[in-house]
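Working notes, beginning with the structure itself.
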Amino acid sequence: MLAMPGDPPAGDGWTGEFKHDGYRAIAYVEPGGLRVLSRNNNSLLAQFPEVEALSTVCGRHSVVLDGEIVAVGRDGVPDFSLLQHRRGAPTRWSRTKAPVQYFVFDLLYLDGRSLLGEPYRLRRQLLIDLQLPGVAAVQVPPAFPDTEPEVLLEVAREYGFEGAVFKRANSVYLPGRRSRTWIKCPLTETQEVVVGGWTPGEGSRASSFGSLLLGAHDAQGRLIYIGRVGSSLSEAMLQEIRRTLDRLTAPESPFSEPVPREHARTARWVRPELVGEVTFRSWTSGGHLRHAVWRGRRDDRSPGSVTLPAQ
């Protein structure tokens, strides 16, 4: 189940949670078995072996959990940029640089009983009743019933969280669907993107690239060009992404409409398979990102799942 972006809700009957930016993951735990899957149904256990702690902390219970795999910085706040160190097989260095935790926020199944049709308030209480020990790799972050949204967002801003999510206390769980009974209120605008091309770099970037040409799918499934990004990329990121781009070379643009001439003039096109995430200030009247900044790759997303915001 996914939250809809929107304004902080008014009225009673909402519970707030801090928004943690990481890899969304569903965990299937039973005695003698564990699966942890991303939104595109890829196993995450090899990449994040810390999450194997679920087998221990859930004891003899059979559960299905919804949560987020996050990398927590020294300040105790999840930092999405740290997750970029955990791409591919983990090493001793990457696990030290970016240790991860599984933040559990929902309970979907408990000991033979489906909880999908139960209200959020009950699912949350049953999750608390499990009394997961809270070892370093598995945490149940707090929730804040009937708290003023503006207060929670101010606390999120003060402590460096990404924002907040507000959930109707009576909301049922709708697998794979967005619902207005969950509303996400990020403090910074973000957008998932598909890379459809790149422009050559100059000077210190001559061996990598100057900018990435970005798109997202509309309601008809067409890949729409939404702008470019070239800032906030470390040298290691530049080289790693360039190697990926070289493997994806394509003869023509994957975008459904012509890219602006000044962006397309030197463009090199690629198959639209590389997914990332950017922050940005706002949308232009022409539907492009204004002042986009690269946050990192999203290997947990499939290109087809990257869509334009709902109008």
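A few remarks follow.
- Matching residues, segment 155-205, being within 19 Å of residue 294 (Cβ to Cβ) and among the hydrophobic types (A, V, I, L, M, F, W, C): 187, 193, 194, 195, 198
- Scanning segment 62-88 for residues being in contact with a His (Cβ under 7 Å, 6 or more places away or on another chain) and at pLDDT 90 or above gives a total of 2.
- Test: residue in segment 282-302 that is assigned to a helix (DSSP H, G or I), of a type in the set (A, V, I, L, M) and at pLDDT below 95: no
- Residue list for segment 145-160, restricted to those being over 14 Å from residue 11 (Cα atoms) and in contact with an Asp or Glu (Cβ under 7 Å, 6 or more places away or on another chain): 160
- Residues in segment 165-210 that are more than 29 Å from residue 119 (Cα to Cα), in a strand (DSSP E or B) and aliphatic (A, V, I, L, M): 193, 194, 195.
- Which numbered condition residue 71 fails, given (1) without any contact (Cβ under 8 Å) to a residue 40 or more places away in the chain; (2) touching a helix residue (DSSP H, G or I) at 6+ places or on another chain (Cβ under 7 Å): (1)
- Helices (runs of 4 or more DSSP H) enclosed by segment 69-142 - at least 1 residues per element that are surrounded by 20 or more Cβ atoms within 10 Å (Cβ to Cβ) and aliphatic (A, V, I, L, M): 80-83, 120-129
- Residues located in segment 74-103, provided they are among the polar types (S, T, N, Q) and touching a helix residue (DSSP H, G or I) at 6+ places or on another chain (Cβ under 6 Å): 94
- Segment 43-57: number of residues that are out of contact with any Ser or Thr (no Cβ under 6 Å at 6 or more places or on another chain) and crowded, with 16+ Cβ neighbours inside 10 Å: 8
- Yes/no for residue 253 being modelled with pLDDT under 95 and outside any strand (DSSP E or B): no
- Check on residue 63, crowded, with 19+ Cβ neighbours inside 10 Å, under 27 Å from residue 176 (Cβ atoms) and touching a Cys at 6+ places or on another chain (Cβ under 7 Å): no
- Contact map, segment 195-209: residues that are more than 20 Å from residue 226 (Cα to Cα) and assigned by TED's automatic domain parsing to the domain that holds residue 241 paired with residues that are surrounded by 14 or more Cβ atoms within 10 Å (Cβ to Cβ) and β-branched (Val, Ile, Thr), Cβ distance under 8 Å, separation 6+ or inter-chain. Pairs shown: 208/241.
- Of all residues in segment 74-99 being touching a residue at least 60 places away in the same chain (Cβ under 8 Å) and under 18 Å from residue 295 (Cα atoms), the one that is nearest to the chain's Cα centre (by Cα): 80
The values are calculated or read from the model by the stated rules, or taken from the named source; none is laboratory data. It should be emphasised that the depicted structure is a prediction, and the values quoted were computed from it without experimental measurement. Note: ideal-geometry Cβ built from the backbone for every residue, glycine included; neighbour counts use all protein chains shown.
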